[in-house]
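Please read the structure below before turning to the comments.
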Amino acid sequence: VDDDGVLDRLLAADRAAAAELVAALAGDLDRMIQASAGTNADDEHDPEGATIAFERAQLASLLAAAQQRLADLDRAIGRSAHGSYGRCQACGRPIPADRLRARPAAATCLDCAATRGR
Ligand SMILES: [Zn+2]
């Protein structure tokens, strides 16, 4: 990759943003669990409880996605440290810089990503 410095900064910035999001969502989820503790919020027959359970499930899935993204970025940063960053993990070809700029955590080229369905 020609502009390593730029991509390293992109990775670091993305990682910081992802870590912040994980912390914020985990905090929200914690507060939601605290707030519903001691009430019958888990009662699916209670309309309000069902809403809270739904919101909690949504928050939990947002948190899981953010954690996944953080893990992807950590792996990308690890590859960068080993000098394998920017190389497709499936076919070994260089990942186009445009793709890396759009998705700094990308571990595969577009062809392989399409083959794998992601
Ligand atoms: Zn590939």
> When you count, for each residue, the other Cβ atoms within 10 Å and take the mean per peptide, how do 15-25, 91-101 rank with the highest first?
Replying inline: 15-25, 91-101
> Near the amide H of residue 87, under 5 Å away, which other amide H atoms are found, from residues 5 or more places off or on another chain, if H is placed in the peptide plane?
Replying inline: 95
> When only Cα pairs under 8 Å and 6 or more residues apart are kept, what is the percent relative contact order across the chain?
Replying inline: 29 percent
>> Please report the carbon-and-sulfur percent of the accessible area for the chain; probe 1.4 Å, protein heavy atoms only, DNA, RNA and ligands left out.
In response: 54 percent
>> Quick check: pseudo-label points 7 Å beyond the Cα along Cα→Cβ at residue 37 and residue 65, how many nm apart are they?
In response: 2.8 nm
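The values are calculated or read from the model by the stated rules, or taken from the named source; none is laboratory data. In this text the structure is predicted, and so the values were computed from the model without any measurement. Cβ sites come from the backbone with ideal geometry, for glycine too, and all protein chains shown count toward neighbours. Ligands, DNA and RNA are excluded from the accessible area calculation, which covers all protein heavy atoms including side chains. Shrake-Rupley method; radii C 1.70, N 1.55, O 1.52, S 1.80 Å.
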